[in-house]
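Below: one structure, written as structure tokens.
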Amino acid sequence: MGFTERAFDAPPDALFSVGVHLFHGQPESPPPSGRIFTFVR
């Protein structure tokens with residue numbers, strides 16, 4: 001999909017994880033709304 005994992009940490013005693021990926025694909029223009037993601041609960 002154009003991403004390579006660079007780092008990932010999931011502490012065994014935490015309720016979260018953190019990762020970093022490097023994008024090496026072809027960039028695309030953002031959608032007309034400018035919104036590229038939405039947070040949901």
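Our coupling estimate for segment 4-16, obtained by passing each phi through the Karplus curve with A = 6.51, B = -1.76, C = 1.60 and θ = phi - 60°, is 10, 5, 9, 7, 8, 9, 10, x, x, 9, 10, 9, 9 Hz, Gly and Pro reported as x. Relative contact order of the chain, taken over Cα pairs closer than 8 Å and 6 or more residues apart, is 36 percent. Note that segment 24-41 has calculated 3J(HN,Hα) couplings of 10, x, 8, x, 10, 6, x, x, x, 6, x, 8, 10, 7, 9, 7, 10, 10 Hz, one per residue in order, obtained from phi through the Karplus relation 6.51 cos²θ - 1.76 cosθ + 1.60 (θ = phi - 60°); glycine and proline are x. Any idea what log10 I(q)/I(0) is at q = 0.15, 0.35 Å⁻¹ for the chain, Debye with uniform C-alpha scatterers and no solvent? One equal scatterer on each Cα of the chain leads to -0.62, -1.05. For chymotrypsin sites (Phe, Trp or Tyr not before Pro), the sites in the chain that DSSP calls loop and that have at most 13 other Cβ atoms within 10 Å are 16, 37, 39. Label sites at residue 38 and residue 23, each approximated as a point 7 angstrom past Cα along Cα to Cβ, lie 2.0 nm apart.
Under 5 Å from the amide H of residue 21 lie the amide H atoms of 6, each residue being 5 or more positions distant or on a separate chain, with H modelled from the backbone and absent for Pro and chain starts.
Readers should treat all values here as calculations from the given coordinates under stated rules, not as data from a laboratory. Computed from a predicted structure; not experimentally measured. Virtual Cβ from ideal backbone geometry, glycine too; neighbours counted across all protein chains shown.
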